[in-house]
Amino acid sequence: MGKRLYIPLLIALVLVGFVWPLQPAAAEPAGNGNAPGIAGIDKWNGEGTLELKGGWELYWQQLLTPEQIRTGRPLPSAIVGVPAQWGSYRLGGSLEPLPNQGFATYRLELALTPEASARPLALYVRGIATANAIWINGERIAGSGTVGTSREGMKPGNVPKIVMFQPKPGTNELLIQVSNFVQRKGGIWETMRLGSSEAILRERVLRVSSEVFIIASLLIMGLYHLGLYAFRRKDKSPLYFGGLCLMIALRTMVLGEAMLLYWFPGFSWEAAVKIEYISVYIAAFMLVMFVHHEYAKRISTRAMLLAGLPQLLFIALVAAAPARIYTQYMLVYQLGVAVPMLFYCLIMYVRAFVHRKHGSAVNMAGFISFGLSVAVDILFYNQVVAYGTFIPYGLLLFLFTQSVNLASRFSRTSRIAEELSVRLAEINESLERTVQERTQDLKSANVTLEQANAELSRMAEFRQRLLSDISHELGTPITTIKGFSKAMLDGLIAGDYLRYVSRIYERTQLMERLLDDLTELTRLETRQVSLHFQEVEVVPFFREMFRIYALDVTEHTLSFVCADEVKAACWKADIDPIRIEQVMVNLLSNARKYTPEGGCITVQLAFPENGGEAGNASKALGDSVAGGAGDDPAGPDAPAGSPACMIEISVADNGPGIPAAEQEYVFERFYRVKGTGSAGGSGLGLAISKAIVEHHGGSVHLVSEVGFGSRFGFTIPVQRV
């Protein structure tokens, strides 16, 4: 069954549950078909309980004792139906009802069967307004307050009680004196019950237990909701609902079984009535505030004034006036304030239900139950229906629906909190990633900035070193050119001008070459040169280079060979071919300069063995320019795609060699080995070669021994594919 059918059905069941027992009892014939003022109970065997409804003798404005009735034989003013207020009686066919303030005597004769009179009986007396005295068979056995013929002569009191007595066979007399000058209703207005002692005590225990349970439940839930508000004051709904529970619990203590008067016997009747009325006013305000805050959210000042001002006025009236005054305005309050408030709350719930607000359906069903209980109690206390005091039960049902809604809200809040926690964790994780990314970006920016700073530093260093080197290295050529030019201008050189002009031109070419080498070296060292890398196969590349430069070397009566033959393994490297060729040209040029006639220049290509670095075990490139077959330089077990490693390319000669003390300086700019000045050169070739190799991630080295020649080499990273 869908929710749309479930909610109306629930409301219908609640309506039936409350309306069914509220049908007013039909007026019974006076004396239950017997003589007036005689209750014939000839069919009752004394088991269970009976309601003493029907015709009672009423002696209006007379407080009579059983003795006075027996001796004086006064006639009753009327035979009246009980329960009822005095205001519902009309005497002698008069159209005017009796006033509710006055005094009277009730009398009823009980015709008991032998079975019923054979055991102790009990009389359950509840609603008598206001002071009373009870006689059974001529003996006064109970009473509340002090009956009197005037307001000054009576003392109000009305506490439910059980009157135990031993009946006699046949007719038993029940006589009750009642006086009321202190409140709006007077007389026996609630049904009295007669039954066996066990049955009446059982009923009493059930009623007391029920009220104690309701009072305890309302107190606990009221304090619970106030505790919720204490810990979360932003939401005032628990405050209003907790106040409503406490006020209804307080009202329940002074009504029904009047538990407060039993717990505190000396408690004033006037104070109990004030509690009864004031609790109603405060509860009504709390109810309206709760519903308004729950479904209208923002409580305006006007709404609070409209809801609170009538309550304050009635509270002030109750606090200042006696019960005989403020109780007269209860019906005015009920019709003028309470009923409109109930309709307002109902409209709010219906509107919330139409707008499908969370929990509105369940809350509306509970409120309808509570509203019906309020309406029924209003009818009951105005003698329209026979049963009443249902407000605590209606509120308990309302409280149950609120608890269901509260549990649903907490569950929903917990679920939302869990979802938010998950989302928060995701956001935190995302934030951490963002922070890491931003941190990485900052690091990258810092690196870029550092690189830019380094670049600026290199550029500044480039300019400084370039100017320093130019001023240092160009001094001699410029001095020579200046001297030759001056001598020619001064006429010191008389002939052979062409020879001196040729010397000047040579020095100019030297200066131009020197400037170009200095600029290139400085740009390489300051990383201002962009190399154009491409992937090449190592062995074919160096074989081709060997072939190209073999003729140039051998023209100078030198031999140009490779040590041994190797197999063409598939090794590749990312290099700038032009720059690597420039390195090879520099090494070959130096070897050719320092190798004597008839000497030998050897080129070697050394591969790593078993993943190790290039070492002394070198594999030759080939025995001729075309090359040939040999061993696999990587070894038979080297897999394709192996990690990058280093190979060594070296150029060896058998020239004079370089002393050990000078070997560490040969790759510095402008350095010339002592005793080799005739070889010429700018002294920048090896420095340029070193810078190019370092750009490729490699290094240069020298192995030399005086008298046995030198071997210049460099390494570059390669990978087998």
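Summary table
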quantity	calculated
Whole-Hz couplings from phi, Karplus 6.51/-1.76/1.60, listed for the range 208-216; x for Gly and Pro	5, 4, 4, 5, 5, 4, 5, 4, 5
Ranked packing of 253-264, 331-342, most packed first, by mean Cβ within 10 Å	253-264, 331-342
Extended-chain gain in nm, criterion 0.36 nm per residue less alpha-carbon gap, Leu201 and Phe708	169.2 nm
FRET efficiency, 1/(1 + (r/R0)^6) with R0 45 Å, evaluated for Asn428 and Lys593 via beta carbons	0.05
Order by protection proxy (mean Cβ within 10 Å, highest first), peptides 267-277, 445-455	267-277, 445-455
Debye log10 I(q)/I(0) at q = 0.27 Å⁻¹ for the range 304-375, Cα point scatterers	-1.16
Linear extension gain, Asp235 paired with Asn453, 0.36 nm per residue minus alpha-carbon span	72.5 nm
Square roots of 5 times each gyration tensor eigenvalue, C-alpha, the range 240-374, largest first, Å	29, 17, 12
Tail fraction, Cα-Cα pairs, the range 140-261, threshold 21 Å, whole percent	59
Distance from the range 68-108 to the range 164-238 (C-alpha centre basis), Å	27
Convex hull projection area averaged over all views, the range 37-191, Cα basis, nm²	8.7
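Values quoted throughout were computed directly from the atomic coordinates according to the rules given, and no laboratory measurement underlies them. These numbers were taken from a predicted model, which means no experiment stands behind them. All Cβ positions, glycine included, derive from the backbone under ideal geometry; neighbour counts span all protein chains shown.
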